[in-house]
Amino acid sequence: MNNIHNQSIPVEVLTQVNAKIAEAIGLLKPYTLTLTPEDRKNMLKLGDKSSSFVDKAFENTKTNPEFIPAFLTASDFEIDITDSKNLIGSASLATQLLNAIDDTMMVAGSEAYYAALYYYSSVQQAAGMNIPGAKAIYEELKKRFPSKSRSTDSADSAAAK
């Protein structure tokens, strides 16, 4: 087993990180929105190609405001453009943090699972050799891997005929 996650993150560090994340959430909370999955699905998405279109349209509202529809204000349009651009840096940093946390959790979890499987295999062998104490541990751990008994298999086969 290649153990690449071999340094535990100190609880104090995690406490500080969680406090800073909570602080960032609190700072942004008055300005952020929450969408449902349906909202996300039905919403127009601003991408690279549409971004230049939006920028050009906004610039034209300054030079030709007579074409702004009555239900739209240039100031609301500017707020949307400004925030969509200004949040890119925060989103990038948050994504980097999320990826680092998620990758580390995945590696740590995978390595823990491998370690448990190796231990289980060792206990299974020890139980097979009647080493004292191994059978009880094996019986407890094997619950994770339920299997059909032969009588159940036979009954299923007979019922299928």
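The values are calculated or read from the model by the stated rules, or taken from the named source; none is laboratory data. Just so it is clear, the model here is predicted, and its values are computed rather than measured. Using ideal geometry, Cβ is built from the backbone for each residue, glycine included, and neighbour counts are taken over all protein chains shown.
Out of the range 54-97, which residues are closer than 17 Å to Leu14 by Cα and surrounded by 11 or more Cβ atoms within 10 Å (Cβ to Cβ)?
From the range 54-97, those closer than 17 Å to Leu14 by Cα are 94, 96-97; that's our starting set.
Of everything in the range 54-97, those that are closer than 17 Å to Leu14 by Cα and surrounded by 11 or more Cβ atoms within 10 Å (Cβ to Cβ) turn out to be Ala94, Leu97.
Conditions tested, residue by residue: (1) more than 30 Å from Ala115 (Cα to Cα); (2) of a type in the set (Asp, Glu); (3) under 19 Å from the mean Cα position of the chain (by Cα).
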residue	(1), (2), (3)
Val11	no, no, no
Ile25	yes, no, yes
Lys29	yes, no, no
Thr34	yes, no, yes
Gly47	yes, no, no
Asn60	yes, no, no
Ser75	yes, no, no
Asp80	yes, yes, no
Leu98	no, no, yes
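Against the test of being in contact (Cβ under 8 Å) with a residue 40 or more places away in the chain and aliphatic (A, V, I, L, M), the options Ala108, Ala70, Ala91 yield a single qualifying residue, Ala108. Filtering the range 11-38 to residues that are surrounded by 10 or more Cβ atoms within 10 Å (Cβ to Cβ) and among the charged types (D, E, K, R) leaves Lys20, Glu23. Cβ-Cβ distances below 7 Å connect the following pairs, each with a first residue in the range 29-50 that is under 19 Å from Ile81 (Cα atoms), a second residue that is part of a helix (DSSP H, G or I), and a separation of six or more residues or different chains: Leu46/Val54; Leu46/Ser84. Determine if the range 118-126 includes at least one residue that is more than 27 Å from Ile4 (Cα to Cα), of a type in the set (A, V, I, L, M, F, W, C), at pLDDT 95 or above and more than 35 Å from the chain's Cα centre (by Cα). Checked the range 118-126: at least one residue is more than 27 Å from Ile4 (Cα to Cα), of a type in the set (A, V, I, L, M, F, W, C), at pLDDT 95 or above and more than 35 Å from the chain's Cα centre (by Cα). Filtered by the rule that a residue be among the basic types (Lys, Arg) and within 19 Å of Ile101 (Cβ to Cβ), the range 10-54 gives a lone residue, Lys20. Being at pLDDT below 95 and loosely packed, with under 11 Cβ neighbours inside 10 Å is the requirement here; does Lys148 meet it? Yes.
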